Amino acid sequence: MRIGICDTTFARFDMGAAAIDELKNNATDLKIIRYTVPGMKDLPVAAKKLIEEEDCEIVMALGMPGPMEKDKMCAHEASTGIIRAQLMTNKHILEVFVHEDEEDNPQELKKLAENRSRKHAQNLLQLMFKPKELTRNAGKGLREGKEDAGEL
């Protein structure tokens, strides 16, 4: 199975490397293709190219928007583009964003970025190989990167 990982040089943590490490530690027979782009708004086309030109079955798009209002707007535009790329290709693109203002402490931000990248890599594997496990977890308030919110 071919899995695409697209990430950015704008991020302050190598989220792609964390996701790839998690995938390699939890699955065999994966062909992982990484495509790094400069910024968030480049992620949709990178993901689409991984699907159409590299024959990836699924893609993770990882990014770290900055704290400024302009950064939040770029993240929204990137997210909209990722959704369109999914609809155009009929393939899942897991959007994995960590906003810099989610944590004030740089070490906590790094921890959050690594945890979220790894948890979404696990989600990718479940989506591809064990989708019934996702169904069993529906409505459980599971979170990637922070503590689970829990069921109501």
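Both radii were evaluated on the Cα set of segment 34-122; the Rg over Rh quotient, with Rh as the Kirkwood radius, amounts to 0.98. Reducing segment 35-78 and segment 111-133 to their Cα centroids gives an inter-centroid distance of 18 Å.
With a simple spin-label model that places each label point 7 Å from the Cα along the Cα-to-Cβ direction, the separation between Lys72 and Glu151 comes to 3.4 nm. Each of Lys132 and Lys31 was given a label point 7 Å from its Cα along the Cα-to-Cβ line. The distance between the two points is 3.0 nm.
The structure-derived value of Cα extents along the principal axes in Å appears in the list (i) 38, 38, 27; (ii) 45, 29, 24; (iii) 36, 36, 30 under the label (i).
Note on His92: accessible area approximately 90 square angstrom, rounded to 10, probe 1.4 Å, nucleic acids and ligands left out. Among Gln107, Gln86, Gln126, the residue with the largest mean-square fluctuation in a Gaussian network model of the chain, with springs joining Cα atoms closer than 10 Å, is Gln107.
Applying 1/(1 + (r/R0)^6) with R0 = 22 Å to the Cβ-Cβ distance of Val45 and Arg2 gives a FRET efficiency near 0.75.
Pairs spanning more than 19 Å between alpha-carbon atoms, out of Lys111/Lys146; Lys119/Lys140; Lys110/Lys146; Lys91/Lys146: Lys91/Lys146. In this structure, Asp55 and Asp104 have a Cβ-Cβ separation that, at R0 = 41 Å, corresponds to a calculated FRET efficiency of about 0.45. Rounded to the nearest 0.05, the FRET efficiency derived from the C-beta distance between Asn115 and Lys140 at R0 = 25 Å is 0.90. When all protein chains stay in place and ligands, DNA and RNA are ignored, the 1.4 Å accessible-area order of Arg143, Arg118, Arg2, largest first, is Arg143, Arg2, Arg118.
The values are calculated or read from the model by the stated rules, or taken from the named source; none is laboratory data. What you see is a predicted model; the values in this text were computed from it and never measured. In this analysis, Cβ positions are derived from the backbone assuming ideal geometry, glycine residues included, and neighbour counts consider all displayed protein chains. To get the accessible areas, we keep the full protein, side chains included, count just its heavy atoms, and leave off ligands, DNA and RNA. Shrake-Rupley method; radii C 1.70, N 1.55, O 1.52, S 1.80 Å.
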